[in-house]
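Let me begin by presenting the structure, written as structure tokens, before commenting on it.
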Amino acid sequence: MNIFQYLQTVRIWKKSFQFGAFLTLLIFIIGFNCVVSLAQTKICTEFSDSGYELAGKTNLFWKQRKLKIRFLNGEEYFQNKVQTISSEWSLYANIKFEFVKQEPSDARISFNSGGSWSYIGNSAEDVSKNKPTMNFGWFDKNTTEEESRRVILHEFGHLLGFIHEHQSPKSEINWNKDAVYKYYDDKFGWSRRLTYENILKKYSKTETQFTTYDRLSIMHYSIPAELILSGKTVGWNTDLSENDKAFAKKIYR
């Protein structure tokens, strides 16, 4: 899965995606990058080079049961919020997040403008120790508790190795593909390839662990009615679903 450097505008982001050499350098990396439209609508996107209840990349789950995490910057207020909300995963999975002041660390968090994203699972080990493996790009004192939960739980789901649920091999979303391509082009300037890789393409069954599709997962995108031909819409999930909890417990016993 791919992660882009912090891009200041959607236009620059779109152009950057088109460079084959840039994509080659980023293969095997996942990024969850959130951009803001002119209407200030936050959209969360995952960049992929391919792909139970919940789904995850099998080879990227951590073997250890304690992850050391270091903040590279950020106000104490936001650092404390990240620590508090992320610990909810540990209520259901046998894994702990230990926040450290110095190396060694397994993952590093920054609060730089330009988007919110995370490397998936143990791919964070391939990142230089002075570079972030997770970023929260828009938190401020006006960020609601609901928004904080949605983004922090989602990003830490990626850290645990979990992928976007709408791209699960088991998802059966009846997309209105023409509408999807137009929506992401109009609102965010995405190319057809970028939209396909992050919205419409499903992960390979051979690369993932999964059971059934879970529209309530914290790892699911919001899906408005205009983007599907039939079926149920999906709102922004802000809590771990029962399937999220069960899947995390099964992977991290």
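The values are calculated or read from the model by the stated rules, or taken from the named source; none is laboratory data. This one's a predicted model, so the numbers in the text were calculated from it and none came from an experiment. Every residue, glycine among them, receives a Cβ derived from its backbone with ideal geometry; neighbour counts consider all protein chains shown.
List of remarks:
- Ser171 vs. criteria part of a loop (DSSP other than H, G, I, E, B), of a type in the set (Gly, Ala, Ser) and closer than 30 Å to Arg70 by Cβ: no
- Yes/no for His154 being within 14 Å of the chain's Cα centre (by Cα), more than 18 Å from Gly114 (Cβ to Cβ) and surrounded by 15 or more Cβ atoms within 10 Å (Cβ to Cβ): no
- Selection of first residues in segment 169-182 that are closer than 17 Å to Arg215 by Cα and of second residues that are of a type in the set (Val, Ile, Thr) and assigned to a loop (DSSP other than H, G, I, E, B), restricted to Cβ pairs under 7 Å at least 6 apart or on distinct chains, gives the following pairs, ordered by first then second residue: Lys170/Thr212.
- Residue check, Thr238 β-branched (Val, Ile, Thr), closer than 28 Å to Gln64 by Cα and within 20 Å of the chain's Cα centre (by Cα): yes
Rundown of residues vs (1) hydroxyl-bearing (Ser, Thr, Tyr); (2) over 18 Å from the mean Cα position of the chain (by Cα); (3) not in a loop (DSSP other than H, G, I, E, B), yes/no style:
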residue	(1), (2), (3)
Gln83	no, no, yes
Ser87	yes, no, yes
Ala93	no, yes, no
Arg108	no, no, yes
Gly115	no, no, no
Asn130	no, yes, no
Trp138	no, no, no
Ser148	yes, no, yes
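- Applying the criterion of being within 14 Å of Glu103 (Cα to Cα) and out of contact with any Asp or Glu (no Cβ under 9 Å at 6 or more places or on another chain) to the residues of segment 65-85, the residue that is surrounded by the fewest Cβ atoms within 10 Å (Cβ to Cβ) is Leu72.
- Filter result for Ser171 (small (Gly, Ala, Ser), crowded, with 16+ Cβ neighbours inside 10 Å and modelled with pLDDT of 90 or more): no
- Of note, Phe136 satisfies the criterion of being crowded, with 23+ Cβ neighbours inside 10 Å and closer than 23 Å to Phe78 by Cα.
- Residues of segment 221-243 that are buried (at least 19 other Cβ atoms within 10 Å of the Cβ) and either in contact with a strand residue (DSSP E or B) (Cβ under 6 Å, 6 or more places away or on another chain) or aliphatic (A, V, I, L, M) (or both): Ile223, Leu227, Val234, Leu240.
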